[in-house]
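Before any comments, here is the structure.
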Amino acid sequence: MVAQNIAFGIISGIVVLSALRMVTTRNIVHSALFLVAVLAGLSGQYVLLAAEFVATTQVLVYIGAVMVLFLFGIMLTKAPIGKSMQMTGTQWPIAAGVALMLGAVILYSLLDQFGSERVTEGGKIYRTADVGDEVFSTYIIPFEAISVLLLAALIGAIVLARKD
Amino acid sequence: MLLNQFLILGAVLFCIGVYGVLARKNAVMVLMSIELMLNAVNINMVVFGVQHEVVSGQVFALFIIAVAAAEVGVGLAIVLLLYRNQTSIDVEDFDLMKG
């Protein structure tokens, strides 16, 4: 348990610092690379929680596919690379205030509700096969709906981005 | 491991994402901050799945990942279209529906 807590602490530190740099850095490509660090760290947290398939999917889909999409988006919109553009709007103190107040409310309610409750240890560990069984039995209709959603998003993206 | 340590990590990431969405001017950066918020939700899903010893938490995390991928695809297509029409991706320039 001690080893897990140490791993959690190190990964959380990296994740939170990277997330902070992601929303404050002035270089948009650095921002995308900090997002990669956040996603990789969260993948590590899923491994700590014994959610192996979610961790793998996180790496494949987010770091593999979504980040490439973001980098293409940055490239195609010819975003100024470097420190030339003002990346943060003038209303940033209000945004920081809203985020801090939201954080305070969530933290208060979490500490109030869950206090020092511990994660169930030694419980059943769900392997990839169990996840697959559940997706293709209980959640078969949501799964089909997701398939149609992805198809619709694919067609929508092509129709929107096509030049004519 | 405490349950709260994962939940608080999720809450902190969500708030950083909210700040990014509200404060950033670049539309691509706003989309990246939305991804951060969706990931913060995912970690809550997985940890509650472990806590209650059900597999549904992981299944819903996978569904959220799929929906996030679809959202990024359409979102970036819209940003590209806006860039083509306005030659700008500054969200403060997009006030066409302002009365």
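Of all the residues that make up region A:1-24, how many are polar (S, T, N, Q) and in contact (Cβ under 8 Å) with a residue 60 or more places away in the chain? The number of residues fulfilling the criteria is 1. For A:Arg21, state whether it is in the same structural domain as A:Met1 (by TED's automatic domain parsing), among the charged types (D, E, K, R), modelled with pLDDT of 90 or more and within 23 Å of B:Gly20 (Cα to Cα). Answer is yes for this residue.
Among the residues making up region A:16-32, those that are of a type in the set (Val, Ile, Thr) and more than 7 Å from every other protein chain (Cβ to nearest Cβ) are A:Thr24, A:Thr25, A:Val29. Helices (runs of 4 or more DSSP H) fully within region A:33-130 that include at least 3 residues being within 7 Å of chain B (Cβ to nearest Cβ) and hydrophobic (A, V, I, L, M, F, W, C): A:67-76, A:92-114.
Set side by side, the residues A:Leu71, A:Leu42 differ, and just one is within 21 Å of B:Asn42 (Cβ to Cβ) and either modelled with pLDDT of 90 or more or crowded, with 16+ Cβ neighbours inside 10 Å (or both), which is A:Leu42. Is it the case that some residue within region B:79-97 is buried (at least 18 other Cβ atoms within 10 Å of the Cβ) and among the hydroxyl-bearing types (Ser, Thr, Tyr)? Checked region B:79-97: at least one residue is buried (at least 18 other Cβ atoms within 10 Å of the Cβ) and among the hydroxyl-bearing types (Ser, Thr, Tyr). When B:Met32, B:Met45 are checked against the criterion of being touching a residue at least 12 places away in the same chain (Cβ under 8 Å), buried (at least 19 other Cβ atoms within 10 Å of the Cβ) and closer than 22 Å to A:Ser147 by Cα, a single residue qualifies: B:Met45. For the criterion of being under 19 Å from B:Arg24 (Cα atoms) and of a type outside the set (Ser, Thr, Tyr), A:Lys124 fails.
The number of residues in region B:1-58 that are closer than 22 Å to A:Gly73 by Cβ, in contact with a Gly (Cβ under 6 Å, 6 or more places away or on another chain) and more than 7 Å from chain A (Cβ to nearest Cβ) comes to 3. Within region A:117-129, can you find the residues that are hydroxyl-bearing (Ser, Thr, Tyr) and modelled with pLDDT of 85 or more? Selection gives A:Tyr126, A:Thr128. Residues that are more than 7 Å from every other protein chain (Cβ to nearest Cβ), within 30 Å of A:Ala51 (Cβ to Cβ) and over 16 Å from the mean Cα position of the chain (by Cα) are absent from region B:78-95 altogether.
The values are calculated or read from the model by the stated rules, or taken from the named source; none is laboratory data. Keep in mind that what you see is a predicted model, and the values were worked out from it rather than measured. All Cβ positions, even for glycine, are placed from backbone atoms using ideal geometry, and neighbour counts span all protein chains on display.
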